[in-house]
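Chemist: Here's a structure for you.
Every number in this text was worked out from the coordinates using simple rules, so none of it is lab data. From a predicted model like this one, the values you see are computed outputs, not experimental measurements. Counting neighbours? That spans all protein chains shown, and the Cβs are built from the backbone with ideal geometry, glycine included.
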Amino acid sequence: MELFNFSKKESRLYMSFMYVTFVSLLVGGLMGLLQTLVRSGKYTLPFNIDYYTILTTHGVVLGLVLTTFFIIGFQFSLMGKTVGISDKQIMWGWVSFWVMLVGTVLAAWMILTGEASVLYTFYTPLRAHPIFYIGLALVIIGSWIAAIVNFRQLYVWKKAHKGEKSPLLAFMVTINMVMWVVASLGVAYSVVVLILPWSLGYVATVNVLLTRTLFWYFGHPLVYFWLLPAYMAWYAIIPKIIGGKLFSDSLARLSFILLLMFSIPVGFHHQLTEPGIDPTWKFIQVVLTFMVVIPTLMTAFSIFATFETTGRNKGYKSLFGWFRHLPWKDVRFLAPFIGMVAFIPGGAGGIINASHQVNALVHNTIWVTGHFHLTIATTVILTYFGIAYWLIPHLTGRRLTPKLNKLGIIQTIIWTVGMTIMSTSMHIQGLLGGPRRSNFSEYAGGDQVATWISYQISQAVGGTILFVGIVLMVYIFIQLAFFAPRGYEEYPVAEEDMDAEKTPKILENWYLWIGITIALILFAYTIPMIDIIKHSPPGSIPFDWPIGRS
Ligand code: HAS
């Protein structure tokens, strides 16, 4: 397999995305810490800062900015490594970076000045300053530019390698970006055509249900947009780190195709309690949601099989000998591995959420917050950290020293302990009916509020431990970017076995898979969308509805 070396110009581009990622980690993490402290009832925010301002900053900066910048930077590096990048493509890579950064700065400015306390889901009728929506639109446009560059990179490679199958990682990046573009069309339409004119005062009303539905048309693939880069590492990078080979190129491609097909037509599982959507269509989307479990379990099987075959090939014979000899002291393996383990309860929680009637028990409780702190904030983020340990030194021409590796292991343990305490307590409080996204700690309440607050105190303990983990991670990043000894750090890409089965050509038939994806979306959304547009009352939310929560 041909792998390209990075030029200085390329490395600079990829690193720029990483700087934004780690600045976001610090800012967003600090907001998370403040939130848990405020909710514990033991601390009040200084300078009259509104709870919803920090909650919005936390969600937007970590959920939208950190993830998008990391993913696009990492994916650019994967494409550069496997199919190469031209100077013109690098130039467009910079355009995408700057457009996204300007958008981020505009949105952040509005949030921090209290003009956009609308949370990361920016549900109407909460209304933000128009500049916030313009900022969001720019972030999406910037990401589309990156997608077009990635598509072009693969196209150019394919032209030069007629009849060859594309490199697995380039194929995976393309799937993720196709999913992102198809999904973000919905939220872009909602922001630009429905919400922005309303926020500017050009139209008097906004269709609340339509904007929420368009958000969730985008929102579920958004969580898979976060997850797929972690899967890329699990399938095609971790095997190399543990000294093995790719388990199955075909299985990996098939699971990505299934994730593309079943990630989008499922947004209603976030709206199961919402009136105005026919229950039949909710049921259909619940069924489609459960289909997503199939490629997920294929992934679990494939990873386990990689671990076992690698160990057996190394000669470890007993039932679990191969497991004991995994490279536990290598943080490039340990951090993503703990991410995988966290996905077992995280995924189980997702299945509970998706189970239609059971959703009524947990919806809008802090259980959901516990669920996504296991999935995105543990499974995905620990895998991103695992990637950063080799990607950053590879880009800066430095080395992950044994000392930094050890610090990374300590960081992983701190994260695991902090998140276990915080997320478990969120799950339990949710089952006791504790609401999410609200700060009631200053109100005197009955026994129930007192019980909730006792759980919120343990969340503050977990949150504080996590913040220590964030500071340590940022320290490691700074070391890897500027101070670690110069040298060469490997960019680990797993190879196929010599005698691996040939990958069927049909797995690269883009027309077929994108066609089925679009057909499924049309099936799941056309009739309910017509219903929503026809029947939900426009005019109910006037323009002079106040900005933000106040
Ligand atoms: Fe979710 C809400 C359903 C996965 C993120 N989710 C959210 C929200 C976020 C989020 C951010 O149906 C909140 C949105 C908001 O603000 O309102 N979710 C699911 C389902 C899955 C799922 C069915 N979610 C994710 C992932 C996320 C994420 C991934 C981020 C990255 N989620 C929901 C629903 C709601 C929801 C409802 C709305 C709730 C409400 O009422 O508002 C599935 O994809 C999960 C499938 C996963 C599995 C686990 C497989 C395990 C693997 C690990 C293998 C481990 C190995 C190591 C090999 C079935 C692959 C083993 C080693 C050993 C030693 C054991």
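Chemist: Return the ratio Rg/(2.2 N^0.38 Å) for the chain, where Rg is computed over Cα atoms only.
Modeler: Output field value: 0.95.
Chemist: Could you work out the relative contact order of the chain, using alpha carbon pairs under 8 angstrom and six or more residues apart, expressed as a whole percent? Show your work: numbers first, answer last.
Modeler: On the way: 820 pairs, mean separation 113.0, N = 550.
Answer for the chain is 21 percent.
Chemist: When a/c reaches 1.5 or more, the comparison of a/b and b/c decides; with that in mind, is segment 55-109 rounded, prolate or oblate per its Cα gyration tensor?
Modeler: Here segment 55-109 falls in the oblate category.
Chemist: With 5 Å bins from zero, work out the P(r) of segment 103-212 over every alpha carbon pair and list the percent per bin.
Modeler: 2, 12, 18, 18, 14, 10, 8, 7, 6, 4, 2, 0
Chemist: For segment 188-260, what is the largest minus smallest coordinate of the Cα atoms on each principal axis, given in angstrom and ordered from greatest to least?
Modeler: Here the spans come out as 61, 20, 13 Å, largest first.
Chemist: Could you check how many percent of all C-alpha pairs in segment 39-179 are farther apart than 25 Å?
Modeler: In whole percent, the long-distance tail amounts to 40.
Chemist: May I ask for the Kirkwood hydrodynamic radius of segment 306-432, worked out over all distinct Cα pairs and given in angstroms to one decimal?
Modeler: One over the average 1/r among Cα pairs gives 16.3 Å for segment 306-432.
Chemist: Which loop trypsin sites (Lys or Arg not before Pro) in segment 152-211, with loop taken from DSSP, have no more than 10 other Cβ atoms within 10 angstrom of their Cβ?
Modeler: Qualifying residues, ordered by number: K162.
Chemist: I need two numbers for segment 68-145: Rg to one decimal and Dmax as a whole number, Cα atoms only, in Å.
Modeler: 15.0, 46
Chemist: How would you classify segment 464-524 from its alpha-carbon gyration tensor, with a ≥ b ≥ c the square roots of the eigenvalues: rounded for a/c under 1.5, else prolate if a/b is greater than b/c, otherwise oblate?
Modeler: Oblate.
Chemist: Can you give me the relative contact order of segment 229-371 as a percent, contacts being Cα pairs under 8 Å and 6 or more apart?
Modeler: Dividing the mean separation by the residue count of segment 229-371 yields 29 percent.
Chemist: Now, a different point. Quick one: R486, R399, R437, fewest Cβ neighbours within 10 Å first, how do they rank?
Modeler: Fewest to most other Cβ atoms nearby, the residues stand as R486, R437, R399.
Chemist: Now for a different question. More than 17 Å apart: what percent of Cα pairs in segment 340-405 qualify?
Modeler: Looking at segment 340-405, the distances longer than 17 Å represent 54 percent of pairs.
Chemist: Right, here's the next one. What would the Debye equation give as log₁₀ I(q)/I(0) for segment 1-72 at q = 0.24 Å⁻¹, counting only Cα atoms as equal point scatterers?
Modeler: For the requested q values the scattering log ratios are -0.99.
Chemist: Please go through the residue pairs K88/K240; K88/K162; K8/K165; K158/K240; K42/K403 and name each one whose alpha carbons sit more than 27 Å apart in this structure.
Modeler: Numbers: K88/K240 31 Å; K88/K162 23 Å; K8/K165 29 Å; K158/K240 25 Å; K42/K403 37 Å.
Those over the limit are K88/K240; K8/K165; K42/K403.
Chemist: Out of every Cα-Cα pair in segment 189-326, what percent are more than 17 Å apart?
Modeler: Tail of P(r) above 17 Å: 68 percent of Cα pairs.
Chemist: Please arrange W144, W322 by counting, for each residue, the other beta carbons lying within 10 Å of its beta carbon, fewest first. List each step's numbers first, then the result.
Modeler: Numbers: W144 17, W322 20.
Neighbour counts put them in this order, fewest first: W144, W322.
Chemist: Hydropathy first: keep DSSP H helices in the chain averaging at least 0.0 on Kyte-Doolittle, then drop any whose Cα extent along the axis falls short of 27 Å, and list what survives.
Modeler: In the chain, the long hydrophobic H runs are 8-39, 87-112, 130-160, 168-189, 208-236, 279-313, 331-354, 402-431, 447-478, 510-535.
Chemist: Okay, next question. What relative contact order, as a whole-number percentage, does segment 133-242 give when Cα pairs under 8 Å and 6 or more residues apart are counted?
Modeler: Across segment 133-242, relative contact order equals 32 percent.
Chemist: Dividing the alpha-carbon radius of gyration of segment 414-490 by 2.2 N^0.38 Å (N being the number of residues), what value is obtained? Walk me through the numbers before you get to the answer.
Modeler: Details: Rg = 18.3 Å, N = 77, 2.2 N^0.38 = 11.5 Å.
Against the compact-globule rule of thumb, the ratio is 1.60.
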